[in-house]
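Below is one structure, written out as structure tokens; comments come after it.
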Amino acid sequence: FNLGNCNIAFAEFWGIFYGCSVVWSIGIKAVMIESDSETTVRMIPQGAGDSLPFFCIIETIRELLNRDGSWRLKYAPRGEIFVADWLVKESLSLDRGLIVYNEPPPG
């Protein structure tokens, strides 16, 4: 997912939101979400005050995670999620928008 130049927290929240939306829409109901942003992983379960700029997206993610199913959100230190790191770097050369891979991309 390529958002162009933006705030890191913005990218983390939107990545989690789109990922949750995609897997829910195709019927997957058991998901482990890993993020290397400890702040993001902490803010989603706790919620955020409505004065924060990310309030709406955090609340929408919380609604997705509270639907029927088994959803887990986990902090994974940078370097432990190699595929995600590779995809982030790869996305910089792609058009903006969401790309869903049905099979792992080359690389």
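The values are calculated or read from the model by the stated rules, or taken from the named source; none is laboratory data. Values in this document were obtained by computation on a predicted structure and should not be read as measured data. Ideal geometry is used to build each Cβ from the backbone, glycine not excepted, and the neighbour counts take in all protein chains shown. Surface areas here come from the heavy atoms of the whole protein model, side chains and all, with no ligands, DNA or RNA. Shrake-Rupley method; radii C 1.70, N 1.55, O 1.52, S 1.80 Å.
For the reader, a short list of remarks on this structure follows.
- Dipole of the chain [Lys/Arg +1, Asp/Glu -1 at C-beta], most positive-end residue of V83, I16, S70: S70
- Over the chain, accessible surface divided per residue gives 69 Å², non-protein components excluded, 1.4 Å probe.
- With every protein chain in place, the stretch 38-80: carbon and sulfur % of accessible area (1.4 Å): 44
- Surrounding net charge for D68, when Lys and Arg each add one and Asp and Glu each subtract one, Cβ distance under 15 Å: +3
- Taken about its Cα centre, the stretch 3-92 carries a charge dipole of roughly 160 debye when the Cβ of each Lys and Arg holds +1 and the Cβ of each Asp and Glu holds -1.
- From helices alone, the chain scores -14000 deg cm²/dmol at 222 nm; the rule is -39500 (n - 2.57) for each run of n ≥ 4 DSSP H residues, then divide by the residue total.
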